[in-house]
Amino acid sequence: MIIGVISDTHLPVRAKKLPDDLIDRLKDVDLILHAGDFQDMNALTQIRDIGKLRAVHGNMDTIELKKELPEADVLKIEGFKIGITHGSGPPLGLEERVKSKFPDVDIIVYGHSHKPKNEVIDGTLFFNPGSPTDRVFAPFNSFGILRVEEDIKGEIIKL
């Protein structure tokens with residue numbers, strides 16, 4: 001299974017729409033995960049129109065989005081448990097805070113910092129796709145791909 005992972009799209013504040021290259025690549029995945037900070041309901045609709053979506057809300061999302069989407073979620077895909085949340089607080093300690101929400105998962109998908117991360121820490125894959133539209137605190141715009149087969153492999157893709 002191929003999963004497209006995005007976060008911190010911040011539409012329409014940071015961009016009017018998602019980058020065309022990102023939309024084209026997401027059309028080919030089996031599932032899209034969004035780790036919050038859509039920013040408004042139109043952004044959620046744009047992404048749902050691309051393909052099957054599982055998402056959580058972030059700290060910058062509207063009240064309407066926070067009513068529609070959970071703060072955290074756990075998916076089971078091909079025997080792997082994937083926790084998804086946005087994250088909160090300062091960048092320092094972000095991984096510890098998101099880990100506290102999911103003590104028993106194989107992978108944690110999160111956002112908030114806009115800094116891409118694809119790293120195994122104490123047996124858990126921490127996967128932050130960065131932001132496709134905002135480079136605050138990040139060296140480049142990006143999204144991620146997770147390939148779930150006998151194991152899970154993450155890839156950060158620069159836009």
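The values are calculated or read from the model by the stated rules, or taken from the named source; none is laboratory data. What you are looking at is a predicted structure, and each value in this text was computed from that prediction instead of being measured. Please note: Cβ atoms are built from the backbone with ideal geometry, for glycine as well, and neighbour counts cover all protein chains shown.
Select from the range 26-43 the residues that are modelled with pLDDT of 95 or more and of a type in the set (A, V, I, L, M) and list them in ascending order.
Once the filter is applied, which keeps residues that are modelled with pLDDT of 95 or more and of a type in the set (A, V, I, L, M), the range 26-43 yields LEU26, VAL29, LEU31, ILE32, LEU33, ALA35.
Got a number for residues in the range 78-135 being of a type in the set (Gly, Ala, Ser) and in contact with a Lys or Arg (Cβ under 9 Å, 6 or more places away or on another chain)?
Quick first cut of the range 78-135, residues of a type in the set (Gly, Ala, Ser) only: 79, 83, 87-89, 93, 100, 111, 113, 123, 130-131.
Going one step further and asking which of them are in contact with a Lys or Arg (Cβ under 9 Å, 6 or more places away or on another chain), we end up with 83, 87-89, 130-131.
So the answer is 6.
Name the pairs whose Cβ atoms lie under 9 Å apart, with the first residue in the range 76-89 and at positive phi, the second small (Gly, Ala, Ser), and 6 or more positions between them or separate chains?
GLY87/SER7; GLY87/ALA35; GLY87/GLY36; GLY87/GLY58; GLY87/GLY111; GLY87/SER113
Does the range 124-159 hold any residues that are outside any strand (DSSP E or B), among the β-branched types (Val, Ile, Thr) and buried (at least 19 other Cβ atoms within 10 Å of the Cβ), and which are they? Steps first, answer last, please.
First, the residues of the range 124-159 that are outside any strand (DSSP E or B): 129-141, 149-151, 159.
After this cut, where a residue has to be among the β-branched types (Val, Ile, Thr) as well, the list is 133, 136.
The answer is THR133, and nothing else.
Quick one: how many residues across the range 27-49 are closer than 25 Å to GLU155 by Cβ, touching a helix residue (DSSP H, G or I) at 6+ places or on another chain (Cβ under 9 Å) and surrounded by fewer than 18 Cβ atoms within 10 Å (Cβ to Cβ)?
Number of matching residues: 1.
Show me the strands (runs of 3 or more DSSP E) found entirely inside the range 36-123 where at least 3 residues are out of contact with any His (no Cβ under 6 Å at 6 or more places or on another chain). If you could, list the steps in order and put the result at the bottom.
On the way: elements: 53-55, 72-77, 80-85, 107-109, 117-121.
Filter on the range 36-123 gives 72-77, 80-85, 107-109, 117-121.
Please go through the range 1-24 and give me each residue that is in contact with a strand residue (DSSP E or B) (Cβ under 7 Å, 6 or more places away or on another chain) and surrounded by 17 or more Cβ atoms within 10 Å (Cβ to Cβ), ordered by number.
Initially, the range 1-24 is screened for residues in contact with a strand residue (DSSP E or B) (Cβ under 7 Å, 6 or more places away or on another chain), giving 1-7, 22.
Once the filter is applied, which keeps residues that are in contact with a strand residue (DSSP E or B) (Cβ under 7 Å, 6 or more places away or on another chain) and surrounded by 17 or more Cβ atoms within 10 Å (Cβ to Cβ), the range 1-24 yields ILE3, GLY4, VAL5, ILE6, SER7, LEU22.
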